[in-house]
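S.K.: Got a structure here, written out as structure tokens. Questions coming.
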Amino acid sequence: MKIISAQAQHIDMVTEIFCLAFENSITFFTPVTQKVKNALREIFHLLHRVFGQSFMVALKDNEVYGYIVMADDIKKLWTGALTSGFLRKAIMSSISGEYGLTPSTFYKIVQNKLLYFRFEMTTKPSAQLLSIAVHPNHHSKGIGQKLLAEGIKHMKSLGVKRIKLEARPDNISAVKIYEKHGFHTVGEAKDLQGKWLIMIREER
């Protein structure tokens, strides 16, 4: 197995892994349909365009076992979403039903993101671990830790000294892995699904 920068052809597999790993979070808002997968695929393509080498996959025999997306500057994401026309297309596609989202579901998702933005506005700027997941068939093989270590290493190469992430308090195994790699809890945030632990890793 090797960890490399993601390529466009890996996005479909990354989307499938995301849907398997975060099924409960997705179904809080909407059933996991093909239309929803199409929407998520567009988001991952945006992340790939914006963050490039900071989007990595664990690959073996051309199969993606897991992925990690790091953001050295989250502002790049919002700039990319606006300048590429992604945000406008996403809103129009949601309203037209292309993504299979009802108006109430779309409202819940927007509300959830507004809660997140409120937190973002009150914390010190940091690089961020945006998303990390391993295919359920390949858990307990140390893949997540290898992805995290590579993500941190890449951020260091960019001169990043402070990385932030959010983890659910009941995801004890993930929290322990983050702590093993130098993250510590500095506070909490809350969205429609409950609490997040805010964890920070800082280089001395």
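Rule-based calculations on the coordinates, nothing more; no lab input. Quantities reported herein were computed from a predicted structural model and do not represent experimental measurements. Don't worry about glycine lacking a Cβ; one is built from the backbone with ideal geometry, like all the others, and counts go over all protein chains shown.
S.K.: In the structure displayed, which of Lys60/Lys195; Lys37/Lys176; Lys89/Lys156; Lys75/Lys195 lie more than 26 Å apart, Cα to Cα?
M.R.: Working: Lys60/Lys195 35 Å; Lys37/Lys176 30 Å; Lys89/Lys156 34 Å; Lys75/Lys195 24 Å.
With Cα atoms farther than 26 Å apart: Lys60/Lys195; Lys37/Lys176; Lys89/Lys156.
S.K.: I've got another one for you. Highest mean first, how do 141-153, 157-169 rank when packing is the count of other Cβ atoms within 10 Å averaged over residues?
M.R.: Numbers: 141-153: 18.0, 157-169: 15.9.
With the highest mean Cβ count within 10 Å placed first, the list reads 141-153, 157-169.
S.K.: What order do you get for Tyr67, Tyr178 when you list them from fewest to most C-beta neighbours inside 10 Å? If you can, show how the numbers build up before the last one.
M.R.: Values: Tyr67 29, Tyr178 23.
So the residues, fewest neighbours to most, are Tyr178, Tyr67.
S.K.: Could you tell me the distance between the Cα centroids of the range 146-204 and the range 12-32, to the nearest Å?
M.R.: 21 Å
S.K.: Next question, about the same structure. If packing is taken as the mean number of other Cβ atoms within 10 Å per residue, what is the order of 45-56, 188-199, highest first? Mind showing how you got there, number by number?
M.R.: Values: 45-56: 18.6, 188-199: 15.5.
Descending packing order for the listed peptides: 45-56, 188-199.
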